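The values are calculated or read from the model by the stated rules, or taken from the named source; none is laboratory data. Keep in mind that what you see is a predicted model, and the values were worked out from it rather than measured. Glycine gets a Cβ as well: all are built from the backbone with ideal geometry, and neighbour counts include every protein chain shown.
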Amino acid sequence: MSVPSGWPGRIRPAPEHFLSQEEVRAVASGRRDFLRSAFALAAGATLAGRAGAETAQGDPAILELPEWSTTLGRPVAATPYGLPSQFEKALARRQSPGLTRVPGSSVAFTPLQGLFGIITPSGLHFERHHQGWHDIDPRRHRLMINGLVDTNAVFTMDELMRLPPVSRIHFIECGANTGMEWGNVAVPTVQYTHGMLSCSEFTGVPLQVLLDMCGADFKRGRYILAEGADGSSMTRTIPMELVESGEVLVAWGQNGEMLRPENGYPLRLVVPGVQGVSWVKWLRRIEVGDQPWGTKDESIHYVDMMPDGLHRQYTSLQECKSVITTPSGGQVLLDQGFHNISGLAWSGRGRIERVDVSVDGGKNWMPARLEEPVLPKALTRFNCDWVWEGRPAILQSRAVDETGYVQPGYGQLREVRGSASIYHNNAIQSWKISEAGEVSNVHIR
Amino acid sequence: MFTYARVALLALLLLSGSAVASSFDYYVGIGREATPDEVTAWDIDVRPDFVGLPRGRGTVDEGEELWEQQCAFCHGTFGESNEVFTPLIGGTTAEDIQSGRVRALAERSFPQRTTMMKAPTVATLFDYIRRAMPWTSPKSLSDDEVYAVLAYMLNLAGIVPMDYVLDEETIREVQQRMPNRNGMTTDHGLWPGASAAEGGIGNGGVPDVKNVVCMEHCKENVEVLSEMPDHARGSHGDLAAQNRLIGPVRGQQTLDPAQREAAAENPVIEGEQTARAGGCMICHGLEERIVGPGFAEIAVRYSEKEDAADYLVGRIRQGSTGVWGSTPMPPQTQLKDEELAQLVHWILSGAPTQ
């Protein structure tokens, strides 16, 4: 492969080119402050070409052997629980300023702009708590099952973890994901527009097994109530049909280890396809009943207001949705030329069937590649080739699920539901790309 | 003895092909029967049809007293709330109480959607107050106190008179006066269970919004309806620091050069990190009160005083009550000495943020 002459000039030099070799060594040895100041210096260094010190002999990154090639590295178990590279600190959970004022009842968003594949690293799984989180002692945690059952029962974690488990990959999305965007553009990046979304492999036992053990009355008991052990003791009603499908899990595992405390350690409900609020964390009780419970989070919150002022109650399912994560809002393309458009698609009704991508604001569309695995009620990664020639563009993705449901545009969604619903915004997302390569969040017609 | 089950057992027998005799004791030794007291201790839910409602009573006056002590610091004396929490009361009228539909929701004539504008069922309020309030000490109210607090809220909303006694009987009358009792619909496709026609909820999953797959010449023009205004460019911090250092893209530099330099030159403020990571900011805002005083308020009161640092270290370490209000701050034993010193130094510096 040769680099053609007339290769388009870089719009933004890569950060390593801002650093002297000495600074690179300093960074490599753990001093991070250099990077910050390097970024500050780079603020003015646009269109600087290849700003590094490439010489006729070649690239100093090759010619001058770096410290990691010429010194002894660190020993095993230096970090008993491994952490990401020091250069990856930009990818972190963040709150959206102004969204909530009380961090005990707030949201921290997943940095979708930098993730690959479909699995969300557990430390980046989005957070939403209703009354703060605790790190619960698992030896003192209990699960109770009561209501329309032959036997009210209690299980310890020891007992639950003796049962035959299953492991399944599913997405979890807050019902209010993209909720800030119903009326107009409100936030700049995909972390804030779509970051109440994560996907993990969950391990647990089907709730149906436990209800069978207790002799649940499946004829009369067509609803269950799930209740958390936190201060809010969050409660949600879930249809027995989902439990009977075998999909609803009482889960303790997440991506091969125990759940993180922020995600419900040691026990949470997994309700595939349904909004996150129903995946009750720190699960302490399941009640079987013959009526829905009309809890606070299905009467006052998590109700979708329609234009006539009526609220839709018990809206639970997450409909088919997709978003391009690279390139996405707040980013800037480094170069003209080839780019891989990459994103995520998902549906609470099943598998993703197809995703199409537009680069002209929806006038024309091209099919994207769906990457394996394509699993029901899980994130699906899609990719699409694109050559950016330096002209303004508007990128969109549109997903279709196995039921044939096609992700709608904002116009179609608002025509039916208005713009005050807060919840269940699954509209097509648009990212505008300027001539300078800057990507921004826009709503279009 | 605890009885075990049926369907899972059969499934497992089929899978394993074993010839274990039919038995409910398949998962032998797992789980036990809950005692009646255990069920009573945890089964605290109250359904809209009042199943689960405990006996008890409370008056508006009693509720007002409790409200002032335990609720007003977050929700305001009249349920209007301070700037932190969404208001509970307001936006409902006598006409709404008659009709059961809150007119202001359709007309958008009230700036917020208060709890009382939305709540269709009074049992929901009882259930939630009982399980989750007050914010820092949930489940601490007696059943009578829950009745009393709820009576006060209902009085503020004009649903019951000043002399009302709310109990397990009268609460049923109140349901017939809830301003938004007819304000909910379940006619939608987002309930994943049986449809209303089958005895469940909703329309069986039929979507309300429809799009079609069009591939070419799908529209003539593209019009931008909304985008981030220039002045909001830095609203979410420096986006360059929220994207990876390598790869096909970088984050945009959204802070001006002076802000960037300041951010780069200042050392990380350890005290602020402790305040955030240590859970302090669940109850204390930077400027304003949440449950306890804002950090800036504490700085104003103490920064000129001698021994202020030692005093605050002691207050935080051992817990405190009665200085800023009656809500106690629990002892913060999780903080290391060094973290506590940094925290107090940061507070007394006026709680500056990066």
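Values for this structure:
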item: Residue count for region B:249-260, restricted to those that are modelled with pLDDT under 95, at the interface with chain A (Cβ under 7 Å from one of its Cβ atoms) and in a loop (DSSP other than H, G, I, E, B); result: 1
item: Search result, residues across region A:326-339 that are more than 7 Å from every other protein chain (Cβ to nearest Cβ) and surrounded by fewer than 23 Cβ atoms within 10 Å (Cβ to Cβ); result: A:Asp335, A:Gln336, A:Gly337, A:Phe338
item: Matching residues in region A:70-108 - criterion: being outside any loop (DSSP other than H, G, I, E, B), crowded, with 16+ Cβ neighbours inside 10 Å and more than 10 Å from every other protein chain (Cβ to nearest Cβ); result: A:Val107, A:Ala108
item: Helices (runs of 4 or more DSSP H) wholly inside region B:90-178 containing at least 3 residues that are more than 9 Å from chain A (Cβ to nearest Cβ) and out of contact with any helix residue (DSSP H, G or I) (no Cβ under 6 Å at 6 or more places or on another chain); result: B:94-99, B:143-156, B:170-175
item: Looking only at region A:179-200, and only at residues there that are surrounded by fewer than 24 Cβ atoms within 10 Å (Cβ to Cβ) and in contact with a His (Cβ under 8 Å, 6 or more places away or on another chain), the one that is farthest from B:Val224 (Cα to Cα); result: A:Glu181
item: Given (1) over 25 Å from A:Thr100 (Cα atoms); (2) assigned to a loop (DSSP other than H, G, I, E, B); (3) under 28 Å from the mean Cα position of the chain (by Cα), index of the condition B:Ile316 fails; result: (2)
item: Region B:209-247, residues that are assigned to a loop (DSSP other than H, G, I, E, B), surrounded by fewer than 17 Cβ atoms within 10 Å (Cβ to Cβ) and charged (D, E, K, R); result: B:Lys210, B:Glu216, B:Lys219, B:Glu220, B:Glu223
item: Residue among A:Gly256, A:Gly221 that alone is more than 19 Å from A:Arg140 (Cβ to Cβ) and free of Cβ contacts under 8 Å to residues at least 60 places away in the same chain; result: A:Gly256
item: Filtered residue count, region B:38-89, keeping only those that are away from every other protein chain (no Cβ under 14 Å), small (Gly, Ala, Ser) and either under 30 Å from A:Arg142 (Cα atoms) or in contact (Cβ under 8 Å) with a residue 60 or more places away in the chain (or both); result: 3
item: Single match in B:Ala275, B:Ala197, B:Ala296 (criterion: at pLDDT below 95 and surrounded by fewer than 21 Cβ atoms within 10 Å (Cβ to Cβ)); result: B:Ala296
item: Condition broken by A:Asp158, with the remaining ones in (1) within 12 Å of chain B (Cβ to nearest Cβ); (2) touching a Pro at 6+ places or on another chain (Cβ under 8 Å); (3) surrounded by fewer than 24 Cβ atoms within 10 Å (Cβ to Cβ) satisfied; result: (2)
item: Residue list for region A:423-445, restricted to those being facing another protein chain (nearest Cβ under 9 Å) and β-branched (Val, Ile, Thr); result: A:Ile428, A:Val439, A:Val442, A:Ile444
